[in-house]
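Peer 1: Sending over a structure as C-alpha cells; questions will come in a sec.
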Amino acid sequence: MPHHQTVLVTGGAGFVGSHCVAELVERGHSVVVFDNLQQGHRAAVPDEAEFVEGDLASPAALTRLFGAFKFDAILHFASNSLVGESMRDPHLYLHDNVVNALNLVQFATDNKVPRFVLSSTANLFGMPDRMPIDEDTEIDPGSPYGESKFMIERILHWADKVHGMRSACLRYFNAAGAHPDGHLGEDHDPETHLIPLVLDVAAGKRPHIEIFGDDYPTVDGTCVRDYIHVSDLADAHVRVLSALDHRSCRYNLGNGRGYTVRQVIETARAVTGRDIQVRIGARRPGDPPVLIASSERVRADLGWNPRFPDLETIIHHAWDWRRRNPDGYQTHPVRQLMAAV
Ligand code: UDP
C-alpha cells in the first residue's frame with residue numbers, strides 16, 4: 001500500500017463516514033467525499049477533504065468522479081441504514097442499496113481501484129442463539145437492511161475473484177459516541193438510536209425515553225447490545241487498508257461486552273448528572289434480545305484494540321458533542337431546502 005493514498009469515501013458526511021474521513025485526513029491521506037447530503041451533513045466534512053455532492057444512482061455523476069480522481073481505495077458508507085424502515089420499505093434496501101453498490105463496484109473495477117472497504121452490519125446475523133458472534137456465526141439477515149449488506153458482501157466477493165479487487169467487510173455492532181475532541185458527532189433525522197435519544201431526554205429536548213420491552217430473558221429484562229466507539233470503528237477502517245494488499249477479509253467489530261438498555265440509561269444519568277424519565281413500551285419487532293461481538297480475529301490480524309471501550313467514555317463523548325452542538329450540525333436537508341427557496 002502506498003504510504004500516501006487517495007481515498008474515496010462515499011457517505012463521508014454521515015456519522016461513521018465523517019469520523020473515518022477525520023482519521024484519514026489526520027494520517028495525511030487525500031480524501032474525496034462523495035455524498036448526496038440526504039442524511040449527511042456538509043459541516044461534518046473537513047476543509048482538508050475534497051467534497052463532491054452526488055448520488056451513486058447516477059452513472060453520469062460517477063463518470064465525472066472517476067474521471068477527476070485516481071483512487072487507491074474506496075470506503076463505502078453511503079446507504080439507507082435503518083432496520084425498521086427496511087421492514088416497511090424493503091425496496092429502498094434490496095434495490096437502492098444494492099444497485100448503488102453495484103454501480104460503485106463497476107466503476108471501481110473498471111478503473112482498477114485495488115481496495116474497497118464496506119460498512120457492513122451485525123444485522124447480517126439476525127437472531128443468533130450463541131454469543132459472542134464471530135465471523136463463523138451463520139449468516140441469516142434479520143431484515144432487508146442486513147440482507148442488502150450481505151448482497152453487497154457477495155458482490156465484493158466476486159469482484160475479488162473476477163477482477164482481483166481486494167475488499168474488507170466490516171460488520172459493526174452498535175456504533176456510538178463522538179469524536180473525542182467534540183467537533184464531530186451523531187445527528188440523524190429522524191433519530192432512532194438509543195444513546196442520542198437518551199441524551200435528548202437529558203438535554204430536555206424530549207420528555208422521556210421509551211424502553212422497547214422489559215420482558216426479555218436478560219439480567220433486567222431489557223435488550224443487551226455491544227456499543228462500539230465510532231473513533232474505534234474509524235481506526236479499524238484505516239488499519240484494514242494496509243491488510244488489503246494481501247487478501248480480502250471480513251471482521252466483526254465490537255467491544256465484546258454487552259449492556260442492557262437500562263444500564264445505558266443509568267450510565268447516561270451518571271455522565272450527565274441529569275434526570276432521565278423512562279416509559280416502558282412494547283418490544284420493537286425484529287429486535288434480538290442480545291447481540292455481543294467477538295472481535296478476536298480483527299484484534300489478532302490488525303492489532304486493533306479499541307481505545308474507548310467503556311460505555312461511560314462513549315456516552316461522555318456523545319454528551320460533549322451534544323452540549324457543544326445542541327441543534328446538531330444545523331444543516332438539516334429540509335432546512336437547506338428552505339434556505340434555498
Ligand atoms: N431502544 C429503546 N428505545 C429507543 C431506541 C432503542 O429501548 O427509543 C433499544 C432497542 O430496542 C435496542 C437498543 O435500544 O435494544 C439499541 O437500539 P438502537 O436503535 O440504538 O440500535 P440497534 O440495536 O437497533 O442497531
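Peer 1: Kindly check whether there is at least one residue in segment 284-299 that is of a type in the set (A, V, I, L, M, F, W, C), touching a residue at least 60 places away in the same chain (Cβ under 8 Å), in a loop (DSSP other than H, G, I, E, B) and away from the ligand (no atom under 15 Å from the Cβ). If you could, list the steps in order and put the result at the bottom.
Peer 2: To start, the set of residues in segment 284-299 that are of a type in the set (A, V, I, L, M, F, W, C) comprises 290-293, 298.
Filter once more, keeping what is touching a residue at least 60 places away in the same chain (Cβ under 8 Å): 290-293, 298.
Now narrow it down to the ones that are in a loop (DSSP other than H, G, I, E, B): 291-292.
Now restrict to residues that are away from the ligand (no atom under 15 Å from the Cβ): none.
No, segment 284-299 contains no residue that is of a type in the set (A, V, I, L, M, F, W, C), touching a residue at least 60 places away in the same chain (Cβ under 8 Å), in a loop (DSSP other than H, G, I, E, B) and away from the ligand (no atom under 15 Å from the Cβ).
Peer 1: Take segment 207-234 and flag every residue that is more than 24 Å from PHE15 (Cα to Cα) and either near the ligand (Cβ under 8 Å from one of its atoms) or among the aliphatic types (A, V, I, L, M) (or both).
Peer 2: Listed by number, the residues that qualify are GLY213, VAL219, THR222.
Peer 1: In segment 161-200, how many residues are part of a loop (DSSP other than H, G, I, E, B), of a type in the set (A, V, I, L, M) and within 15 Å of the ligand (Cβ to nearest atom)? Show your work before the answer.
Peer 2: Just the residues of segment 161-200 that are part of a loop (DSSP other than H, G, I, E, B), to begin with: 164-165, 173, 177-193.
Now drop any that are not of a type in the set (A, V, I, L, M), which leaves 165, 178, 184.
Going one step further and asking which of them are within 15 Å of the ligand (Cβ to nearest atom), we end up with 178.
Residues that pass the stated criteria total 1.
Peer 1: Let me ask something additional. Being out of contact with any strand residue (DSSP E or B) (no Cβ under 6 Å at 6 or more places or on another chain) and among the small types (Gly, Ala, Ser) is the filter; apply it to segment 257-287 and report the residue that is surrounded by the most Cβ atoms within 10 Å (Cβ to Cβ).
Peer 2: My answer is ALA268.
Peer 1: Return the pair list, or none, for Cβ contacts closer than 6 Å from residues in segment 223-239 that are among the hydrophobic types (A, V, I, L, M, F, W, C) to residues that are in a helix (DSSP H, G or I), at least 6 apart or on different chains.
Peer 2: Listed by first residue and then by second, the contacts come to CYS223/VAL261; VAL230/VAL16; VAL230/HIS19; LEU233/VAL16; ALA234/HIS19; ALA234/CYS20; ALA234/GLU23; VAL238/GLU23.
Peer 1: Condition first: of a type in the set (Lys, Arg) and outside any helix (DSSP H, G or I). Now tell me which residues in segment 69-95 satisfy that.
Peer 2: Our first condition is that a residue be of a type in the set (Lys, Arg); within segment 69-95, this holds for 70, 88.
Hit for segment 69-95 is LYS70, nothing else.
Peer 1: Follow-up question, since we're still on this one. Which of the following residues is modelled with pLDDT under 95, farther than 23 Å from PRO128 by Cα and surrounded by fewer than 22 Cβ atoms within 10 Å (Cβ to Cβ): PRO207, PRO190? Quick ask: steps written out before the conclusion?
Peer 2: On the way: PRO207 fails: modelled with pLDDT under 95.
Of PRO207, PRO190, the one residue that is modelled with pLDDT under 95, farther than 23 Å from PRO128 by Cα and surrounded by fewer than 22 Cβ atoms within 10 Å (Cβ to Cβ) is PRO190.
Peer 1: Residue under question is ASP187, and the condition is that it be more than 14 Å from LEU124 (Cβ to Cβ), in contact (Cβ under 8 Å) with a residue 24 or more places away in the chain and touching a strand residue (DSSP E or B) at 6+ places or on another chain (Cβ under 9 Å); does it hold? I'd like the intermediate steps shown before the answer.
Peer 2: Values: more than 14 Å from LEU124 (Cβ to Cβ): yes; in contact (Cβ under 8 Å) with a residue 24 or more places away in the chain: yes; touching a strand residue (DSSP E or B) at 6+ places or on another chain (Cβ under 9 Å): no.
For ASP187, the condition - more than 14 Å from LEU124 (Cβ to Cβ), in contact (Cβ under 8 Å) with a residue 24 or more places away in the chain and touching a strand residue (DSSP E or B) at 6+ places or on another chain (Cβ under 9 Å) - is not met.
Peer 1: Still on this structure, please answer the following. Give the residue that is modelled with the highest pLDDT, with candidates limited to residues of segment 1-53 that are polar (S, T, N, Q) and in a loop (DSSP other than H, G, I, E, B). Outline the logic, then answer.
Peer 2: The initial filter retains those residues of segment 1-53 that are polar (S, T, N, Q), namely 5-6, 10, 18, 30, 36, 38-39.
Imposing the further condition that a residue be in a loop (DSSP other than H, G, I, E, B) reduces the set to 5, 36, 38-39.
Details: GLN5: 93, ASN36: 98, GLN38: 95, GLN39: 95.
Among residues in segment 1-53 that are polar (S, T, N, Q) and in a loop (DSSP other than H, G, I, E, B), the one modelled with the highest pLDDT is ASN36.
Peer 1: Another question about this same structure. Of all residues being among the polar types (S, T, N, Q) and part of a loop (DSSP other than H, G, I, E, B) in segment 208-256, which is nearest to GLU23 (Cα to Cα)? Just the residue, please.
Peer 2: Kept after step one, since they are among the polar types (S, T, N, Q), are these residues of segment 208-256: 218, 222, 231, 242, 248, 252, 255.
This time we only want the ones that are part of a loop (DSSP other than H, G, I, E, B), so: 218, 222, 248, 255.
On the way: THR218: 36, THR222: 34, SER248: 22, ASN255: 20 Å.
Only one residue tops the list, namely ASN255.
The values are calculated or read from the model by the stated rules, or taken from the named source; none is laboratory data. Everything numeric here is computed off the predicted structure, so don't read it as measured data. Counting neighbours? That spans all protein chains shown, and the Cβs are built from the backbone with ideal geometry, glycine included.
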